[in-house]
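Notes to accompany the following structure.
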Amino acid sequence: MQNMPCSHFSADFFRFVRENADTDPTTLRLRLHGKNLPFDSDFAILQIECRRKCRKKIPRFLRYEKFLFPSATASEQASHEAVALFHSSLAGPGDSVIDMTAGLGIDAMTLAGEAHTVTACEKDELKARILKMNIDTMNIRNMEVVNTDSIQWLAECGAKADIIFIDPARRDSDNRRVYDLRDCQPDILSCIDLLVSRCGRLIVKASPLLDITKTLSDLPQTSAIRAVSVNGECKEVLVEAQGCMDSHAELLMEAINLHENGEIISRLSFRKGEEADATYADIADLAPGSWLYEPDASVMKLSPWGVIAKKFPGIRKLDISSHLFVADRLMPDFPGRVTQITAIPDRHDLKRMKGEHANVVMRNYPLKAEDLRKRLHLKEGKDRFVYGTRIQGQPVIIDSRRLT
């Protein structure tokens, strides 16, 4: 496959992929075993598998029939389309961008829609060749692909850009997941001086499990930390660094939750120095009719509890380790799920809930969600939420309903 000429991707190849889009790949392999086709059937089946897995992840790219995947790994590691759109929003129409680890190229190609020029570096020859074909397929004219070790290339060619974007591989030599920037490849901490000297802004895509406190210590050039979610699931932590930064006094922190189409559902922004003390609720605050607030995953990642209290006057945290809030009024701009409390059920009320439909959520409660669900004999439900949590250290069950 590495030496396969681009001309091998014939009309028959793409017709096969299109006509078998909904056919089980295992069935296809059995059907084609021993047959001599005018194209690489394994690579064609790979396209079918990747397209099926990425239907919701990168639908805009899959509208192009000739869009290709170099490998299953490249499809798995590619950015969600919504996340790539957010990355592109950080670039301006006059910016030059270098993507140091292009891979499938979803970020680079999306950045090309906003930036003036994009240079995409990719060390793997096949990935680089497929990426060149994809940008031709999509008629992207302000982007070039360089098949190179990006760190070595940057050191030797003297290239500079307004933005350097890098998504280090988060697997070690034994294919185990790693999260610390120092353990990723390339190790940006070992070459940080080179990186920040060649750009105005360095943007690093990191794991959602990144230790932010440690990162700020390891990377004093950090100017912004952004936790990015799609439909409430935290996908990444974006670390932005600048060569001129020498303190974190004005560090920008943002929790962004995106719709799968790229639209911003919520965006909580604050400066590192804006932290305040959270205010805490007591059991009387959990009255029926009050509003319960559950921060989304990106907010949870940044833990800005005092900032929430400051930005949403009247809101109170249930407990120091119960990351839920309550208020006596509706705050529709809250970054997370909002439900209205219907009851604080006692033991007899809980018995009467048997067989009813409800979502079960645990926040600092002695049981797991599934254990409580089984104990209460609850079925899955859409708009009803039963929370197990603590208030002032005491376990409590909260019955609530989300308004539609």
*Which residue, of Arg171, Arg141, Arg182, is touching a helix residue (DSSP H, G or I) at 6+ places or on another chain (Cβ under 7 Å), more than 27 Å from Pro335 (Cβ to Cβ) and basic (Lys, Arg)?*
Arg182
*Which of the helices (runs of 4 or more DSSP H) contained wholly in the range 26-131 include at least 2 residues that are under 30 Å from Leu154 (Cα atoms) and open to solvent by 50 Å² or more (accessible area, probe 1.4 Å)?*
72-77, 81-89
*Where residues in the range 234-251 are at pLDDT 95 or above and farther than 11 Å from Val83 by Cβ, which of them is surrounded by the fewest Cβ atoms within 10 Å (Cβ to Cβ)?*
Glu240
*Test result for Gly289, at pLDDT 95 or above and out of contact with any helix residue (DSSP H, G or I) (no Cβ under 7 Å at 6 or more places or on another chain)*: yes
*Quick one: which of Ile151, Ile135, Ile188 is of a type in the set (Val, Ile, Thr), surrounded by 17 or more Cβ atoms within 10 Å (Cβ to Cβ) and touching a residue at least 40 places away in the same chain (Cβ under 8 Å)?*
Ile151
*Does the range 154-185 hold any residues that are part of a loop (DSSP other than H, G, I, E, B), open to solvent by 30 Å² or more (accessible area, probe 1.4 Å) and over 23 Å from Leu111 (Cα atoms), and which are they?*
Asp172, Ser173, Asp174, Asn175, Arg176, Tyr179, Asp180
*If we scan the range 209-231, do we find a residue that is assigned to a loop (DSSP other than H, G, I, E, B), in contact (Cβ under 8 Å) with a residue 40 or more places away in the chain and small (Gly, Ala, Ser)?*
no
*Restrict the check to the range 336-352 and report whether at least one residue is outside any strand (DSSP E or B) and either within 29 Å of the chain's Cα centre (by Cα) or among the hydrophobic types (A, V, I, L, M, F, W, C) (or both).*
yes
*Does at least one position in the range 224-231 carry a residue that is within 19 Å of Gln152 (Cα to Cα) and crowded, with 18+ Cβ neighbours inside 10 Å?*
no
*Those residues that are within 20 Å of Tyr365 (Cβ to Cβ), crowded, with 22+ Cβ neighbours inside 10 Å and among the polar types (S, T, N, Q), I need them from the range 291-321; list them, please.*
none
_Residues that are in a strand (DSSP E or B), closer than 30 Å to Pro208 by Cα and touching a helix residue (DSSP H, G or I) at 6+ places or on another chain (Cβ under 8 Å): does the range 296-315 have at least one?_
no
*Only one of (1) open to solvent by less than 40 Å² (accessible area, probe 1.4 Å); (2) assigned to a loop (DSSP other than H, G, I, E, B) fails for Asp277. Which number is that?*
(1)
*Residue selected from the range 374-404 under the condition buried (at least 17 other Cβ atoms within 10 Å of the Cβ) and not in a strand (DSSP E or B), by the criterion farthest from the chain's Cα centre (by Cα)*: Leu376
*Might you check whether a residue that is in contact (Cβ under 8 Å) with a residue 40 or more places away in the chain and within 28 Å of His259 (Cα to Cα) occurs anywhere in the range 365-382?*
no
*What pairs can you find where one residue is in the range 35-48 and closer than 25 Å to Leu104 by Cβ, the other is aliphatic (A, V, I, L, M) and loosely packed, with under 14 Cβ neighbours inside 10 Å, and their Cβ atoms are less than 7 Å apart, with a gap of 6+ or different chains?*
Asp40/Met1; Asp40/Met4; Phe43/Met1; Leu46/Ala72; Ile48/Ala21
*If we scan the range 198-208, do we find a residue that is under 29 Å from Ala159 (Cα atoms), under 20 Å from the mean Cα position of the chain (by Cα), surrounded by fewer than 17 Cβ atoms within 10 Å (Cβ to Cβ) and not acidic (Asp, Glu)?*
no
*Taking only pairs six or more apart or across chains, which ones have beta-carbon atoms under 8 Å, a first residue in the range 51-66 that is farther than 18 Å from Phe14 by Cβ, and a second residue that is part of a loop (DSSP other than H, G, I, E, B)?*
Lys56/Glu260; Lys57/Ala78; Lys57/His80
*In the set Val338, Val326, which member is in contact (Cβ under 8 Å) with a residue 12 or more places away in the chain, farther than 30 Å from Ile188 by Cα and open to solvent by 10 Å² or more (accessible area, probe 1.4 Å)?*
Val338
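The values are calculated or read from the model by the stated rules, or taken from the named source; none is laboratory data. Everything quoted here is computed from the prediction, not taken from an experiment. Virtual Cβ from ideal backbone geometry, glycine too; neighbours counted across all protein chains shown. Ligands, DNA and RNA are stripped out before the accessible areas are found, and what is left, the full protein with its side chains, is counted by its heavy atoms. Shrake-Rupley method; radii C 1.70, N 1.55, O 1.52, S 1.80 Å.
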